[in-house]
Amino acid sequence: MIKTKFDYNKYLRKNTLPHIWCPGCGDGIILKSLLRAIDKCGYSKDDVVITSGIGCASRLPGYVDFNTIHTTHGRALTFAIGIKMFKPRLKVITISGDGDALAIGGNHFIHAARRNIDITLIVFNNYTYGMTGGQCSPTQPVGSLSTTTPFGSIEPPFDVCNLAQAAGATWVGRSTSYHAVQLEKFMVDALNHTGFSVLDVITNCHISYGRRNKMKSPVEMIKYQKEKAVPARSAENMTPEDLAGRFKTGILFEKAGSPEFCTEYYKKLESIKTK
Amino acid sequence: MAKNIKLMQGNEAIAEGAVIAGCDFFAGYPITPSSEVAEILSSKLPKIGKVFLQMEDEIAALGAVLGAALGGAKALTATSGPGMSLKQEHIGYASMCEIPCVIINVMRGGPSTGLPTLPAQGDVMQAKWGTHGDHAIIAITPSSVNESLYETIRAFNLAVKYRTPVLILTDEIIGHMREKVVIPDKSDIEIIDVKLPGVPPEKYNPYNYTSGEVTPLAPMGEGYRYHVTGLIHGETGFPSQKTDVIQNAQNWLMDKIYKNIKDIEKFEEFQTEDADILLVAYGSTSRSSRQAIMMARSAGIKAGMFRPITIWPFPDEQISALSKKIKKILVPEMNMGQVIFEVQRNACGSSVYGLNVVNGEPITPDQIYEKIKEISKI
């Protein structure tokens, strides 16, 4: 599908490499998809801001040549909202892991969605706290093992996409680090959407998650992503039993033309001025 | 020219001062007794094309402030009590990443929910030590409504100049009291604005630990692409675990404040020249102290006062000098004893006494006068 070789060097801060990610980690695939997507959208590097929280995925901004802010755990969206509201012309992207976005940052996640602010949130969803050694995350499947659920998790996980949609996000999609080409396409779509867009990317942490859940190698985890992913259209004809243990992929929700927070704010300012 | 005089509440004066200072951005969360700052700015800022945001929580409020500040905004948040506890992590982030911002803490009784509508001065040590790790901080304690306005302007200036969070600690008394305020002419006050760095983007490093100069923070989105992280970072902004970089970064966070203390310090002395008893008092307590000093002097007891306006960094030098000639020092505070330890640390052989009232009421001049009388007999 990718016809010419893409020059990633244009966007990488090569002096900050090598990255911290383990060999075989899915985060690199997502990073490369993001760079191709940003390139396709044609943004100037000066106009792109990437904020992130804390965790493996959140180290991404350090490696890419934009305006990058590696913030505090869970709070990346709050910084994103601040800079977006002050300089609405900037394209603001937030990178977050599942623990970062949905546990410690859950409040900011739902409120950013509620406001429908023009920010793209990419959740690197590997079902675990990889950086701290594989503790249970809010997306970890019931029954799976982690360093803090040695007898199997009994907590129902969040569905990132359902939560985003319910909270008011106007573009919601899911892909995996296996579906690199689809991932790029969805990222372009999410970035072009005006409003809060959430892309849930299922990715692999074979070291902290897979190793404890019968998927020791990246290959097994990538296979898991391939096999468990159900395109949204196919899922329509499947029973809940068929879907158990699997996840839907695709653009799951899209609503164009909804009032966007930043635009509405500045429209309001204009109306105050004219009074 | 006739002065522009208004009757204002302390919290209102802070909002007014912020607008005069060029505040571009406010994000906050409702909390008593600071809410008026947000309420007033929710009307004032939109009218002048600036941003007001009510965020989902206290942490988000300071996060948004820091995001905007990285975009070049002069940004402000205001809170009290539990809200200040929640903000600590981002105060550390602002210190570490050297992001200018102003944080108002209208102090109320604590700990925990404490006394939401009653005054206290229990957050002075929190202002310095609340966030984890070593860092220097600037904190200011105005004692009147008028001073709240001018010190807010100074806080914005210091924040931009030293790329640091600046805290203003008022209390419920100052915040809710109404007093005369002289609104300054813009030509009469200094305003330090956010500037682009003097070097082109390819030569820009967001940090400088060695030259002694504070590097201007380039507003993001203006061609200066750089990285910001709460990890210890080198002058390029990228994380580092090299021992010399770590030490330099830590030293710099202290040095940039302490080596510029002459520019940051501010205090007032009241009848200290011939004093036998020195009061060290700040914020609303300094007002009762002033009255008590006059009562004492009428009774023939020579008392005087040193009033820190900048409370952090602490005026070590001044306290030390005064304690060489005044051998009895009284520190009245609406807490169980906080600033008294700083005074003791600097007292050269003087006896230091505390007057600690934390019952939700201001410390009265009578209470202080009684204590002065007691000390005078020792």
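So here's what we get for this one:
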| read-out | value |
| --- | --- |
| Qualifying residue in segment A:237-256 (condition: farther than 17 Å from A:LEU34 by Cβ, of a type in the set (A, V, I, L, M), within 22 Å of the chain's Cα centre (by Cα) and part of a helix (DSSP H, G or I)) | no |
| Residue within segment A:259-267 that is more than 14 Å from chain B (Cβ to nearest Cβ) and surrounded by 10 or more Cβ atoms within 10 Å (Cβ to Cβ) present | yes |
| Flag if A:GLY210 is under 30 Å from B:LYS44 (Cβ atoms), more than 14 Å from chain B (Cβ to nearest Cβ), within 21 Å of the chain's Cα centre (by Cα) and of a type in the set (Gly, Ala, Ser) | no |
| Residue that is nearest to B:ALA60 (Cα to Cα) [pool: residues in segment A:57-76 that are open to solvent by 10 Å² or more (accessible area, probe 1.4 Å) and more than 7 Å from chain B (Cβ to nearest Cβ)] | A:HIS73 |
| Lone qualifier among A:THR4, A:THR16 - being among the β-branched types (Val, Ile, Thr), more than 23 Å from B:PHE25 (Cβ to Cβ), open to solvent by 10 Å² or more (accessible area, probe 1.4 Å) and away from every other protein chain (no Cβ under 14 Å) | A:THR4 |
| Spans of helices (runs of 4 or more DSSP H) in segment B:1-93 with at least 1 residues in contact (Cβ under 8 Å) with a residue 24 or more places away in the chain and open to solvent by 30 Å² or more (accessible area, probe 1.4 Å) | B:10-21, B:35-47 |
| Residues of segment B:221-250 satisfying the condition of being surrounded by fewer than 14 Cβ atoms within 10 Å (Cβ to Cβ) and either part of a loop (DSSP other than H, G, I, E, B) or of a type outside the set (Ser, Thr, Tyr) (or both) | B:GLN241, B:LYS242, B:ASP244, B:GLN247 |
| Condition met for A:VAL198 (more than 18 Å from the chain's Cα centre (by Cα), more than 19 Å from A:THR128 (Cβ to Cβ) and open to solvent by less than 10 Å² (accessible area, probe 1.4 Å)) | no |
| Positions within segment B:129-138 being under 15 Å from the mean Cα position of the chain (by Cα) and open to solvent by 20 Å² or more (accessible area, probe 1.4 Å), in sequence order | B:TRP129, B:GLY130 |
| Check on A:ILE54, over 15 Å from the mean Cα position of the chain (by Cα), open to solvent by 50 Å² or more (accessible area, probe 1.4 Å) and either under 30 Å from B:LYS74 (Cα atoms) or free of Cβ contacts under 8 Å to residues at least 40 places away in the same chain (or both) | no |
| Options A:GLY82, A:GLY99; residue that is facing chain B (nearest Cβ under 8 Å) and buried (at least 24 other Cβ atoms within 10 Å of the Cβ) | A:GLY82 |
| Residue match in segment B:94-116 (condition: in contact with a helix residue (DSSP H, G or I) (Cβ under 9 Å, 6 or more places away or on another chain), under 24 Å from B:TYR209 (Cα atoms), within 11 Å of chain A (Cβ to nearest Cβ) and part of a strand (DSSP E or B)) | yes |
| Residue check for A:ALA180: out of contact with any Cys (no Cβ under 8 Å at 6 or more places or on another chain), closer than 29 Å to A:GLU254 by Cα, among the small types (Gly, Ala, Ser) and buried (at least 24 other Cβ atoms within 10 Å of the Cβ) | no |
| Residues located in segment B:58-69, provided they are at the interface with chain A (Cβ under 7 Å from one of its Cβ atoms) and either closer than 12 Å to A:ILE81 by Cα or out of contact with any helix residue (DSSP H, G or I) (no Cβ under 6 Å at 6 or more places or on another chain) (or both) | B:ALA60, B:GLY63, B:ALA64, B:VAL65, B:LEU66, B:GLY67, B:ALA68 |
| Test: B:GLN271 is in contact with an Asp or Glu (Cβ under 8 Å, 6 or more places away or on another chain) and more than 12 Å from every other protein chain (Cβ to nearest Cβ) | no |
| Selection status of B:GLU213, in a loop (DSSP other than H, G, I, E, B), surrounded by fewer than 15 Cβ atoms within 10 Å (Cβ to Cβ) and not polar (S, T, N, Q) | yes |
| Condition broken by A:SER33, with the remaining ones in (1) more than 10 Å from every other protein chain (Cβ to nearest Cβ); (2) open to solvent by 20 Å² or more (accessible area, probe 1.4 Å); (3) of a type in the set (S, T, N, Q) satisfied | (2) |
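The values are calculated or read from the model by the stated rules, or taken from the named source; none is laboratory data. No experiment lies behind these values; they were computed from the predicted model shown. Virtual Cβ from ideal backbone geometry, glycine too; neighbours counted across all protein chains shown. Areas reflect the complete protein model, heavy atoms only, side chains present, ligands, DNA and RNA absent. Shrake-Rupley method; radii C 1.70, N 1.55, O 1.52, S 1.80 Å.
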